[in-house]
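Below you'll find the structure, written out as structure tokens, and then a few comments.
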Amino acid sequence: MAGFFKSLLQRFTKPDIDWNELEASLIGGDLGPRLSLRIVAELKTMGHKLHGQDVVDLSRKSIRSILGANPPPLTKRTDGKPTVILVIGVNGAGKTTSCAKLAHLLKSEGHRVMLAAADTFRAAAVEQLEVWADRLELPMVKGAPQGDPAAVCFDAHQQACAAGVDFLICDTAGRLHNRHNLMEELRKIRRVLGRQDASAPHETLLVVDATTGSNALQQAREFHKATELTGLVVTKLDGSGKGGILVPIREELGVPTRFVGLGEKATDFQAFDVARFVDELL
Ligand SMILES: Nc1nc2c(ncn2[C@@H]2O[C@H](COP(=O)(O)OP(=O)(O)O)[C@@H](O)[C@H]2O)c(=O)[nH]1
Ligand SMILES: [Mg+2]
């Protein structure tokens, strides 16, 4: 994406701007068709004395106004019950890794954190989370192999209450026999958690891989329709994707990015910062 804006700067220095080319470049940079059309429309009203820097400045202004203020941090409850965070997304997006990183971040801030291994579809997924839990010295609840993920969340919630945990983070499966089953399973997990605590889950975070571009928008639409998302975790920002897709996701669905994944280590994880993101994007 950085290279993308640099090339925009180089290409649009002449007064005779090729609007179609500009539009195609913006869409190609993961900003999505709607936002790209809007930026082009705004630029057109500025007449013909445009330079590459105008293109960049206007893009920055648009993106900042869409993203708004920084999202609120995760909050601890005051009634002694755990804040329940459901982590969802397609296979390979980085859910399990993000659960571990988020748990590590919250623990480092002084909170008591517990993990629930509710991706019971693959045995390897439970083992993967277990390795993280051992390494980061975090308590983890798991169930029987191929067991009911909602039952794992139920058990985990009871244990979290008994242990006085502040945050319970539930990892989930990204793939079942089909997408319908997956969405049904997520709804069931929510129902079961809701019976334990009417306000749970308090956060439902969708994990998307920055390198998948417009696929991430499609995933966000689908998951948002099936279950109410409270935020995104955008992973692999250390790779080729610079995360431009989180802008149209925010614009179209109103779902804010809460955290970013920046590598494979436990500490490669940060709360999302709008100003820093826009600067790095441009
Ligand atoms: N480079 C990089 N790799 C990541 C990041 N987050 C996750 N991964 C890697 O992506 C792969 C899939 O992650 P995983 O957590 O198993 O995805 P899940 O299937 O959604 O649970 C693993 O190899 C992770 O190490 C990230 O922010 N940066
Ligand atoms: Mg996983």
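The values are calculated or read from the model by the stated rules, or taken from the named source; none is laboratory data. The structure displayed is predicted, hence computed values, not measured ones. Here Cβ is always computed from backbone atoms with ideal geometry, including for glycine, and neighbour counts include all displayed protein chains. With ligands, DNA and RNA removed, areas are computed over all heavy atoms of the protein, side chains included. Shrake-Rupley method; radii C 1.70, N 1.55, O 1.52, S 1.80 Å.
Annotations
- Exposed-loop-free span, longest in the chain, where GluC sites (Glu not before Pro) count as exposed if DSSP calls them loop and at most 14 other C-beta atoms lie within 10 Å: 1-108
- Long-range tail of P(r) for region 73-190 (Cα pairs > 23 Å, %): 22 percent
- Take the chain with all the other protein chains still there, run a 1.4 Å probe, and you get 45 Å² of accessible area per residue.
- Relative to the longest principal axis of the Cα atoms of the chain, the long axis of helix 123-136 makes an angle of roughly 90 degrees.
- Two-decimal Rg/Rh across the chain, once Rg and the Kirkwood Rh are taken from alpha-carbon atoms: 1.04
- Within the listed set Arg175, Arg34, Arg112, the Gaussian network model of the chain (springs between alpha-carbon atoms below 10 Å) gives the highest mean-square fluctuation for Arg34.
- Cut-off under 5 Å, modelled amide H: who pairs with Val84 long-range: Leu168, His202, Glu203
- Based on DSSP H segments of at least four residues, each scored -39500 (n - 2.57), the chain has a per-residue ellipticity at 222 nm of -15000 deg cm²/dmol.
- For Thr235, the residues whose modelled amide H falls within less than 5 Å of its own, excluding neighbours fewer than 5 places apart on the same chain, are Val208, Asp209, Ala210, Gly261.
- The phi torsions of region 152-159, fed into the Karplus equation with coefficients 6.51, -1.76 and 1.60 and a -60° offset, translate into couplings of 4, 5, 4, 4, 4, 5, 4, 5 Hz, rounded to whole numbers, with Gly and Pro shown as x.
- Karplus-based coupling profile of region 137-145, in residue order and whole Hz: 6, 10, x, 9, 10, 10, x, 6, x, with θ = phi - 60° in 6.51 cos²θ - 1.76 cosθ + 1.60 and x standing for Gly or Pro.
- Scalar couplings 3J(HN,Hα) for region 258-270, obtained by applying the Karplus form with A = 6.51, B = -1.76, C = 1.60 to θ = phi - 60°, are 9, 9, 10, x, 10, x, 9, 7, 4, 8, 7, 7, 9 Hz; x denotes Gly and Pro.
- Fraction of antiparallel bridges per DSSP, the chain only, in percent to nearest 5: 10 percent
- On region 126-230, 47 percent of the accessible area sits on carbon and sulfur atoms, based on a 1.4 Å probe.
- Too-long pairs where the Cα-Cα distance tops 26 Å, listed order kept, from Lys61/Lys95; Lys61/Lys101; Lys95/Lys225; Lys107/Lys142; Lys107/Lys188; Lys225/Lys265: Lys61/Lys95; Lys61/Lys101; Lys107/Lys188; Lys225/Lys265
- Among Ala266, Ala41, Ala220, residue whose mean-square fluctuation peaks in a GNM of the chain (springs only between Cα atoms under 10 Å): Ala41
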